[in-house]
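In what follows, a structure is listed as structure tokens, so that the remarks can point back to it.
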Amino acid sequence: MARESFLSVKDIFQDRRKLTVFIMCLSLSIFMWLLISLGKQYNSTLVVPVQYVNFPENKTLLNDVPQELGINVSGTGYDLLQYADELIDDTLIVNLDHLNIAIMGGYQRGSLNPLEISKDLQDRLQGMLAINAVLTDSIRFVFDLKVARVIPIKPVVDFKVPSGFVTIDSAIATPSDVEIFGALSILEDLEFLETSPLNLGQLEKTAAVRVALSRSVIGQDAELPFDSVDVLVDIERLTEKRLMIKPEVVNLPDSIDLLTFPNTIEVISQVPLRHYDDVLEKDFKLVVDYTKLQKGYPVLPVDLLEWTSKAIKVSLQPNEVELVISRKE
């Protein structure tokens with residue numbers, strides 16, 4: 001009986017000649033398997049980036065259109081390896097110059113047939129891969145007339161002012177308005193364009209910041225001459241100003257003489273430091289109305305009828321006067 005020969009893995013790795021033969025055979029087998037595999041036909045789905053050019057003149061796009069398209073292709077394994085990356089890495093330029101547009105309602109609408117995109121892709125590949133299908137329905141475009149409007153800018157700034165300080169004015173944007181070139185349906189009813197929201201926290205001094213304009217309402221397709229504005233929040237410390245003012249007696253009968261005690265009232269107001277010298281007696285009007293006199297109670301309230309907007313938290317001391325009444329002879 002012949003003796004069986006058994007060659008173990010250990011024997012192969014211990015014998016360099018046998019190991020070399022083994023590696024060569026394995027490499028040849030892998031190479032032959034790759035040749036056979038790459039020669040077979042395969043289907044594959046690729047995602048291709050898309051850019052649209054030559055939009056209709058004086059029109060703006062209102063809807064979102066796909067920026068990537070799924071493409072089902074077929075070809076040999078070798079061709080897929082060679083050309084698939086070219087499709088994925090290179091942006092497909094879609095020319096809208098000949099897009100068919102129809103008027104529907106207040107808008108203009110157009111659609112792009114996927115077969116046209118498929119033809120462009122096929123021409124680009126020069127037959128190296130077969131384009132089986134563009135995996136999307138017709139790409140629809142909704143256009144509106146593009147117009148220019150000058151719109152005020154409204155800063156959206158949140159902040160707090162501690163006690164003893166005041167905001168001189170609301171937040172001010174510079175420039176205060178912007179010319180927007182965008183969709184008529186949006187701009188015709190747009191009262192203002194907001195900035196992006198900004199929280200400045202607690203302010204004890206004037207703050208000047210650069211803030212971006214918000215595109216949430218006008219859309220990314222709208223054209224702006226600038227994308228941000230300077231916003232000023234003017235903060236000032238308050239100080240106290242006191243003035244002695246004589247109240248005016250009104251509705252006094254001609255037959256009566258009347259004296260008030262005291263005859264002057266102290267007007268106390270909180271005033272921004274920069275406006276301290278601007279707040280004057282003539283900015284306030286105090287009156288004592290005789291028709292408010294109650295029988296047996298010779299006291300009348302002092303009413304503050306007019307005051308300057310530069311004065312804040314105005315109070316009177318005292319806020320009523322005693323009367324000395326006499327009849328004319």
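The values are calculated or read from the model by the stated rules, or taken from the named source; none is laboratory data. Just so you know, these numbers come straight off a predicted model, no measurement behind them. Methodologically, a virtual Cβ is constructed for each residue, glycine included, from the backbone with ideal geometry; neighbour enumeration extends over all protein chains shown.
Values for this structure:
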{"quantity": "Residue within the stretch 108-120 that is part of a strand (DSSP E or B) and touching a Ser or Thr at 6+ places or on another chain (Cβ under 6 Å) present", "calculated": "yes"}
{"quantity": "Listing of strands (runs of 3 or more DSSP E) fully contained in the stretch 22-100 that carry 1 or more residues being at pLDDT 80 or above and of a type in the set (S, T, N, Q)", "calculated": "41-53, 59-61, 92-95"}
{"quantity": "The stretch 240-259, subset assigned to a strand (DSSP E or B) and of a type outside the set (A, V, I, L, M, F, W, C), residue farthest from Glu204 (Cα to Cα)", "calculated": "Asp257"}
{"quantity": "Positions within the stretch 289-299 being on the phi < 0 side of the Ramachandran plot and either without any contact (Cβ under 8 Å) to a residue 12 or more places away in the chain or in contact with a Lys or Arg (Cβ under 6 Å, 6 or more places away or on another chain) (or both), in sequence order", "calculated": "Lys292, Gln294, Lys295, Tyr297"}
{"quantity": "Selected residue (only one of Val156, Val161 is under 23 Å from Ser228 (Cα atoms), surrounded by fewer than 18 Cβ atoms within 10 Å (Cβ to Cβ), of a type in the set (A, V, I, L, M) and not assigned by TED's automatic domain parsing to the domain that holds His275)", "calculated": "Val156"}
{"quantity": "Residue that is under 30 Å from Ser111 (Cβ atoms), in contact (Cβ under 8 Å) with a residue 24 or more places away in the chain and polar (S, T, N, Q), where the choices are Thr136, Thr195", "calculated": "Thr136"}
{"quantity": "Residue in the stretch 238-249 that is farthest from Pro318 (Cα to Cα), counting only those that are charged (D, E, K, R) and surrounded by fewer than 16 Cβ atoms within 10 Å (Cβ to Cβ)", "calculated": "Glu240"}
{"quantity": "Which numbered condition Thr264 fails, given (1) in contact (Cβ under 8 Å) with a residue 40 or more places away in the chain; (2) of a type in the set (Ser, Thr, Tyr); (3) farther than 30 Å from Glu57 by Cα", "calculated": "(1)"}
{"quantity": "Within the stretch 148-172, considering residues that are touching an Asp or Glu at 6+ places or on another chain (Cβ under 8 Å) and at pLDDT below 90, the one nearest to Lys310 (Cα to Cα)", "calculated": "Ile168"}
{"quantity": "The stretch 214-237, subset farther than 30 Å from Asp277 by Cβ and among the acidic types (Asp, Glu), residue surrounded by the fewest Cβ atoms within 10 Å (Cβ to Cβ)", "calculated": "Asp227"}
{"quantity": "Some residue of the stretch 250-257 being loosely packed, with under 13 Cβ neighbours inside 10 Å, free of Cβ contacts under 8 Å to residues at least 40 places away in the same chain and farther than 25 Å from Lys160 by Cα", "calculated": "yes"}
{"quantity": "Failed condition for Asp283, given (1) surrounded by 13 or more Cβ atoms within 10 Å (Cβ to Cβ); (2) closer than 23 Å to Ser163 by Cα", "calculated": "(2)"}
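Condition check ((1) surrounded by 11 or more Cβ atoms within 10 Å (Cβ to Cβ); (2) in contact with an Asp or Glu (Cβ under 9 Å, 6 or more places away or on another chain); (3) not charged (D, E, K, R)) across all residues:
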| position | (1), (2), (3) |
| --- | --- |
| Thr264 | yes, no, yes |
| Val271 | yes, yes, yes |
| Thr308 | yes, yes, yes |
| Glu320 | yes, no, no |
| Ser326 | no, yes, yes |
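This table checks each residue for (1) of a type in the set (A, V, I, L, M); (2) under 30 Å from Val150 (Cβ atoms); (3) at pLDDT 95 or above; (4) not assigned by TED's automatic domain parsing to the domain that holds Ile151.
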{"residue": "Glu188", "(1), (2), (3), (4)": "no, yes, no, no"}
{"residue": "Leu203", "(1), (2), (3), (4)": "yes, no, no, no"}
{"residue": "Glu223", "(1), (2), (3), (4)": "no, yes, no, no"}
{"residue": "Val229", "(1), (2), (3), (4)": "yes, yes, yes, no"}
{"residue": "Val250", "(1), (2), (3), (4)": "yes, no, no, yes"}
{"residue": "Leu259", "(1), (2), (3), (4)": "yes, no, no, yes"}
{"residue": "Pro262", "(1), (2), (3), (4)": "no, no, no, yes"}
{"residue": "Asp289", "(1), (2), (3), (4)": "no, no, no, yes"}
{"residue": "Tyr297", "(1), (2), (3), (4)": "no, no, no, yes"}
